[in-house]
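The values are calculated or read from the model by the stated rules, or taken from the named source; none is laboratory data. Just so we're clear, the structure is a prediction, and the values are computed from it rather than from any experiment. Heads up, the Cβs are rebuilt from the backbone with ideal geometry, glycines too, and the neighbour counts pull from every protein chain shown. Accessible surface is based on the protein model in full, side chains and every heavy atom, while ligands, DNA and RNA are left aside. Shrake-Rupley method; radii C 1.70, N 1.55, O 1.52, S 1.80 Å.
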Amino acid sequence: MLSYSMLYPVNSDRRTSLSLDGLWRFRLDFEQVSGKENWKCGIKSDDLIPVPASFQDFYTDKKIREFTGDAWYEKDVTVPSSMKGSDVFLRFGAATHRAEVYLNGEKVGENEGGFLPFLVDITEHARYGEQNKITVRVNNELTETNIPCGRTITLSDGRKMTKPYFDFYNYSGLQRSVYLLSVPKRSIFDVDLSYEINGRDAVVRYSIKTKGEGDISLTLKDEEGNIAGLANGKEGCLSVKDAHLWQVRSAYLYTLSIEMRDGDSLLDDYSMEIGIRTVEIKGENILINGSPVYLKGFGKHEDSDIVGRGFNIGAMKRDFELMKWIGANSFRTSHYPYDETIYRMADREGFMVIDEVPAVGLFESLVNFLDAGTGKGAKSFFSKPTTPVLLKSHLKAVEEMITRDKNHPSVIAWSLLNEPESTDPNSVPYFEKVFSLAHDLDPEKRPRTFAMESNSSPSRCRCHHLSDFISLNRYYGWYILGGNEIVDAEKKFISEMEEWKNLNLNKPFIFTEYGADTLSSEHKIPSVMWSQEYQDEVLQMLHRVFDSYGFVKGEQIWNFADFQTTEGLMRVNGNKKGVFTRQRQPKDSAFLLKKRWESLPLNYKA
Ligand code: GCB
């Protein structure tokens with residue numbers, strides 16, 4: 001169990017969440033002198049930087065953009081004396097990839113893993129009613145023992161540089177919101193929910209973990225504010241008459257309010273929006289509330305101009321409007337859990353989310369995307385002496401992700417790895433541990449999967465039996481037989497699909513990636529690779545194949561929008577497989593997809 005509560009920060013009668021977003025002092029440790037110069041007591045910089053944001057794209061100096069090592073952030077904050085007597089925390093939405101936190105020069109916490117929140121308990125260290133100096137060392141080096149995987153080299157001029165084993169830019173820094181929290185000493189710590197639908201009625205099963213003892217009561221209210229259910233005690237059921245179900249693209253959210261009391265006195269109160277819905281896999285179908293669904297949508301990234309991977313609330317809103325416009329109903333949080341606001345939006349908009357842990361790059365290759373497509377690679381990634389250390393970080397991220405995201409109705413499945421080397425015999429015991437932890441932690445026992453690259457073929461993948469549905473990343477017509485050879489790509493794709501069919505897995509398949517790089521500037525007839533016309537041709541070919549297999553129950557194109565990657569021969573200032581540009585304007589393929597997705601019913605192929 002995690003040592004701190006992952007509950008989303010709220011303000012209530014007994015809780016205070018103060019945002020520390022805004023300008024922080026900033027300094028990069030180019031000379032690696034922060035220790036000697038004692039930066040933990042003060043970084044002595046007048047450079048101000050916005051939080052949340054990636055630090056990279058603000059500056060004009062390449063040495064800053066490509067900086068690898070320790071980035072220091074600092075802010076002076078008054079901890080209100082009204083917080084005295086409560087438990088007081090600093091909550092970081094994400095610090096990529098690892099952080100050490102100091103308060104008034106004293107080390108108060110540290111964390112490894114760059115895409116999930118962590119809390120630092122400062123109850124005993126804060127100076128109440130006075131200014132406190134928060135100093136954070138954020139390190140962005142990549143290793144093979146933490147996810148996402150990569151390595152860090154040293155250039156001849158002494159600078160470090162990261163070599164990601166994945167295809168997105170290694171943006172870093174304080175990329176999500178920071179809060180100062182006060183939570184009562186005896187408090188609500190965690191909430192588990194699961195649902196049962198009986199005709200028109202529903203049962204919400206719950207279990208509440210607390211810190212310290214107290215009496216628990218729950219009130220469920222509908223969207224009009226009417227009471228829909230009441231319960232007492234740490235564990236039990238709320239019976240909901242005439243329940244409004246959370247449905248795909250037609251969400252209904254109830255408000256669950258939890259109170260913890262000692263006699264008449266209120267110790268703690270916490271409210272959250274929940275959706276009543278069930279998720280199940282039955283044979284080749286994915287069922288939401290017992291009815292089959294077909295997933296239409298995207299693999300995405302948190303990626304936008306200037307703020308990089310920093311949470312961008314404006315881009316988020318635009319993305320949801322575009323996804324609704326195009327007729328999508330789902331997305332995968334490739335290749336890491338996103339900012340919590342995005343799940344709250346998906347809950348409200350009725351999108352289905354495949355929530356992915358940052359386990360990407362578990363396949364040693366610097367041109368992973370290319371090697372994955374051609375079947376090259378295979379160096380026994382899970383057979384290294386360091387594998388147990390990697391597994392530990394992976395399990396930690398799975399625990400944090402599920403604990404954070406389990407109560408979102410939008411989250412319908414867990415993606416536990418992206419394109420791992422599942423051909424290595426030693427991947428099996430590794431995967432078993434990851435899959436079984438996900439099962440144990442999820443009160444709803446949602447389906448689990450991992451996204452498979454081409455090496456993970458029907459005959460070579462050793463782990464697909466662990467997936468509740470099969471997720472395929474396939475680039476027929478791009479990495480495999482592109483351009484004029486597309487006719488052969490289609491044949492090869494069909495022959496792979498026949499092999500899957502012959503395995504009789506009796507599971508749904510989803511394409512979690514497919515697509516073609518396309519420059520929004522390029523038009524050409526007849527088409528050539530990289531032109532908008534070619535992207536459309538690839539999609540038409542792939543859709544034909546998807547449509548001819550009944551067990552294909554979803555398509556999430558790669559990618560929603562063009563996104564930043566490491567520079568190199570294979571990328572034109574980023575990955576251009578977007579259906580939208582990085583500025584969120586449509587390419588031609590957006591209109592093709594809109595026509596298709598608007599015509600496919602939710603229960604397509606049921
Ligand atoms: C993949 C990866 C994704 C890449 C994509 C590509 O298989 O999962 O991260 O960006 O291919 O475009 O090459």
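Taking 18 Å as the straight-line reach from the Cα of LYS185, the lysines in range (excluding those fewer than 8 positions away in the same chain) are LYS84, LYS209, LYS211, LYS234. Amide H contacts for PHE189 (H built 1.01 Å from N in the peptide plane; partners 5 or more residues away or on another chain; cut-off under 5 Å): LYS209, THR210, LYS211.
Which shape class applies to the range 169-320: rounded if a/c is under 1.5, otherwise prolate when a/b exceeds b/c and oblate if not, where a ≥ b ≥ c are the square roots of the Cα gyration tensor eigenvalues? Oblate, since a/c reaches 1.5 and b/c is not below a/b. Between GLU31 and ASP215, the contour length at 0.36 nm per residue exceeds the Cα-Cα span by 60.7 nm. Exceedance of the 25 Å cut-off in Cα-Cα distance is limited, within the set LYS507/LYS576; LYS107/LYS384; LYS75/LYS317; LYS63/LYS384; LYS507/LYS577; LYS524/LYS577, to LYS507/LYS576; LYS107/LYS384; LYS75/LYS317; LYS63/LYS384; LYS507/LYS577. In the complete set of protein chains, residue-level accessible area for LYS576 is approximately 40 Å², probe 1.4 angstrom. Accessible surface ranking for SER454, SER271, 1.4 angstrom probe, highest first: SER271, SER454. Our helix-only sum for the chain, with -39,500 (n - 2.57) per DSSP H run of n ≥ 4 divided by its residues, gives a mean residue ellipticity at 222 nm of -6000 deg cm²/dmol. The Cα atoms of the range 418-494 define a convex hull whose projected area, averaged across directions, is 5.6 nm². Placing a label point 7 Å from the Cα of SER521 along the Cα-to-Cβ direction, the residues of the range 576-592 with a backbone N closer than 19 Å are 576-589. Take GLU284: with every protein chain present and a 1.4 Å probe, its accessible area is about 70 Å². Amide H contacts of LEU267 (H built 1.01 Å from N, in plane; Pro and chain starts excluded): MET260, ARG261, ASP262 sit under 5 Å, all sequence-distant by 5 or more or on other chains. Extension gain, LEU395-GLN540: 0.36 nm per intervening residue step, less the Cα-Cα distance, totals 48.3 nm.
One Cα centroid belongs to the range 428-476, the other to the range 96-113; the line between them spans 33 Å.
In this simple spin-label approximation, LYS317 and LYS595 carry label points 7 Å from Cα along the Cα→Cβ vector, and these lie 3.2 nm apart.
Using Cβ point charges alone (K and R +1, D and E -1), the dipole size of the chain about the Cα centre works out to roughly 420 debye. Put a dot 7 Å past the Cα of SER548, heading toward its Cβ, do the same for ASP157, and the two dots end up 5.5 nm apart. For the range 1-115, the Cβ-based charge dipole about the Cα centre amounts to some 240 debye (Lys, Arg positive; Asp, Glu negative; other atoms uncharged). The calculated FRET efficiency for the pair ASN11 and LYS324, based on their C-beta separation and a Förster distance of 35 Å, comes to about 0.70. Taking all protein chains together and a 1.4 Å probe, the residues ILE281, ILE286 rank ILE281, ILE286 from largest to smallest accessible area.
Taking 1.002 mPa s as the viscosity and 20 °C as the temperature, the Stokes-Einstein diffusion coefficient of the chain based on its alpha-carbon Kirkwood radius rounds to 85 µm²/s.
Inter-label distance, LYS44 to SER250: 6.5 nm, where each label sits 7 Å from its Cα along the C-beta direction. Restricting attention to the chain, close to 75% of DSSP beta bridges with both partner residues there are antiparallel. One decimal place: the segment LYS63-LYS185 gains 39.3 nm when fully extended, by the rule 0.36 nm per residue minus the C-alpha distance.
If you plug the beta carbon distance of LYS445 and GLU485 into 1/(1 + (r/R0)^6) with R0 = 41 Å, you get a FRET efficiency near 0.40.
Legend: calculated FRET efficiency, GLN583 to LEU23, from the Cβ-Cβ distance at R0 = 30 Å, rounded to 0.05, equals 0.70. Restricting the calculation to Cα atoms, every distinct pair contributes to the Kirkwood radius of the range 106-178, found to be 14.9 Å.
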